[in-house]
Amino acid sequence: MKSWKELEPGCVILEPGSSEKFKAGGWRAFRPQWIEEHCIQCLFCWLYCPDMAVLVQDGKMVGFDYDFCKGCGVCALECPGKKVQKAIVMQPEGK
Amino acid sequence: MATPLKLKELSKKEVLFNHGHRLCAGCGAPIVVKMVLLAIEQPVVAVSSTGCLEVSSCISTFTSWKIPWMHSAFENAAATLSGLETAYRALRKRGQLEGDIKFVTFCGDGGTYDIGFQSLSGAMERGHDMLYICYDNGAYMNTGIQRSSATPLGANTTTSPAGKVIPGKLQPRKDLTRIMAAHGLPYVAQASPSHWMDLMKKVRKAMEIKGPKFMNILSPCNRGWRSRLDDAIMLSRLAVQTCYWPLYEVEDGKVRLTFKPKEKKPVTEFLKPQGRFKHLFAPGNEGLLEALQRRVDEEWQRLLEESARAQEVKEEEHA
């Protein structure tokens, strides 16, 4: 933590997106689990994730960033899955 | 060329609102911000008034924003942004700055409907080239769920507590989108994150139009709405399907509905999953439910009529 004397004048933050140093994933009580074989790559999980915690590579969902996922479960609820089998399910943390 | 509005293509873009922000789990506001920033193609400067989004995205030396962003006071986000926009124009005139930069605010309903209304109205009247986005969660959620003028009739908040004395908020919600349309702005729209394509199209359209623009976007809040952690998108979808939150735009005074639900659901479907309306389903409060439904019906009817009239005018002009 910086003291006030070390802050930039006007409290300007010069490093964009520096909040990534704060791992908000520690708040999580439920953990999303991705089941790849049920995934249709609709990317709704990526779009609706409030915490930018869905990892995407070349336009495909590849997993979760558990450093930042707060476990809200929006992705699991919105996941259409394959033949009503969800590709994202929520599990209690620590199980 | 603009990125096509396809999730596969959009997901290759950098999201300019970073993770590690301290908004609650399942909050609607970061979803709204993410969608808006994904839709905008140009460099963008943003201002937020005090509110959930501001306090949680900028703590101490941490910021979640990857764009130039400024926190103003509660009441003057629009005034601050209009100042920035004017400075940009002045610098461009002198040849000290190049490029097409867009100006956007992200403010909550408290900072828009109530406290920031004078500066918003002023900035819009002066005609600054900016887009004012209000993420409407329907109360002062940041300070502990106090009623605002965006809170719907009958909602239980800490300053309109439902109990023996009053059945929640006694006054209906202020229709700010309509008030902004009455300012005669070139573009006013209402959107919901559940209909992301509609939302992004509206943002893109607003970016193309020069002058003051206003967008009101629904943003569910599971803490304040007393709903489940995971239903932000589901509730915003129900709000649209019940016509509690109709999706429309007003371009140069002409109303156009951008989404008509195939089957208009009763408003109770939107109210039922929310604990803030729990008391309305108890015996004795049927009147309030009826009043809420009546208000939604009247507003929907008015929009249908106005959009039909705008369509007629358009056809006459083309004839």
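The values are calculated or read from the model by the stated rules, or taken from the named source; none is laboratory data. Nothing here was measured: the structure is a model prediction, and the numbers come from that model. Cβ coordinates were reconstructed from backbone atoms using ideal geometry, including for glycine residues, and neighbour counts include every protein chain displayed.
B:Ser119 fulfils the conditions (1) small (Gly, Ala, Ser); (2) at pLDDT 95 or above; (3) over 25 Å from B:Pro30 (Cα atoms) except for a single criterion, (3). A count restricted to segment A:33-66 and to residues that are over 26 Å from B:Pro4 (Cβ atoms) and touching a helix residue (DSSP H, G or I) at 6+ places or on another chain (Cβ under 6 Å) stands at 1.
Filtering segment B:18-64 to residues that are among the hydrophobic types (A, V, I, L, M, F, W, C), in contact with a Lys or Arg (Cβ under 7 Å, 6 or more places away or on another chain) and either closer than 15 Å to B:Asn137 by Cα or facing chain A (nearest Cβ under 7 Å) (or both) leaves B:Cys24, B:Ala25, B:Phe62.
The single condition among (1) surrounded by 13 or more Cβ atoms within 10 Å (Cβ to Cβ); (2) part of a helix (DSSP H, G or I) that B:Phe103 does not satisfy is (2). Applying the set (1) surrounded by fewer than 16 Cβ atoms within 10 Å (Cβ to Cβ); (2) modelled with pLDDT of 95 or more to B:Thr242 leaves exactly one unmet item: (1).
In segment A:6-15, the condition of being more than 7 Å from chain B (Cβ to nearest Cβ), assigned to a loop (DSSP other than H, G, I, E, B) and crowded, with 20+ Cβ neighbours inside 10 Å is met by no residue. Does B:Ser236 meet the test of being within 16 Å of the chain's Cα centre (by Cα) and of a type in the set (Gly, Ala, Ser)? Judged against the criteria, B:Ser236 is a match.
Applying the criterion of being of a type in the set (A, V, I, L, M, F, W, C) and buried (at least 24 other Cβ atoms within 10 Å of the Cβ) to the residues of segment B:116-129, the residue that is farthest from B:Ala232 (Cα to Cα) is B:Ala123. Applying the selection to segment A:16-38, what residues are polar (S, T, N, Q) and either more than 10 Å from chain B (Cβ to nearest Cβ) or not in a helix (DSSP H, G or I) (or both)? Within segment A:16-38, A:Gln33 is the sole residue that qualifies.
What tally of residues in segment B:181-226 results from selecting those that are free of Cβ contacts under 8 Å to residues at least 60 places away in the same chain and surrounded by 21 or more Cβ atoms within 10 Å (Cβ to Cβ)? Lay out the reasoning, then the answer.
Taking segment B:181-226 first, the residues free of Cβ contacts under 8 Å to residues at least 60 places away in the same chain are B:182, B:190-192, B:194, B:202, B:205, B:208-209.
Those left that are additionally surrounded by 21 or more Cβ atoms within 10 Å (Cβ to Cβ): B:190-192, B:194, B:202.
Count: 5.
The single condition among (1) surrounded by fewer than 19 Cβ atoms within 10 Å (Cβ to Cβ); (2) touching a Phe, Trp or Tyr at 6+ places or on another chain (Cβ under 9 Å); (3) not hydrophobic (A, V, I, L, M, F, W, C) that B:Asn137 does not satisfy is (1).
With respect to the conditions (1) under 17 Å from B:Asn216 (Cβ atoms); (2) in contact with a Cys (Cβ under 8 Å, 6 or more places away or on another chain), B:Ser64 lacks only one, and its number is (1). Here B:Gly163 meets the list (1) closer than 30 Å to B:Thr268 by Cβ; (2) part of a helix (DSSP H, G or I) almost entirely, failing just condition (2).
Does A:Pro50 qualify as being away from chain B (no Cβ under 11 Å), touching a residue at least 12 places away in the same chain (Cβ under 8 Å) and under 19 Å from B:Pro193 (Cβ atoms)? No: the conditions fail for A:Pro50.
For segment B:26-55, which residues satisfy the criterion of being assigned to a loop (DSSP other than H, G, I, E, B), among the hydrophobic types (A, V, I, L, M, F, W, C) and crowded, with 22+ Cβ neighbours inside 10 Å?
B:Cys27
Across segment B:174-191, the qualifying residues are those that are touching a helix residue (DSSP H, G or I) at 6+ places or on another chain (Cβ under 8 Å) and either part of a loop (DSSP other than H, G, I, E, B) or not hydrophobic (A, V, I, L, M, F, W, C) (or both), and the one among them that is farthest from B:Lys254 (Cα to Cα) is B:Lys174. From the list B:Glu249, B:Glu263, B:Glu269, the lone residue that is acidic (Asp, Glu), more than 14 Å from chain A (Cβ to nearest Cβ) and surrounded by 21 or more Cβ atoms within 10 Å (Cβ to Cβ) is B:Glu249.
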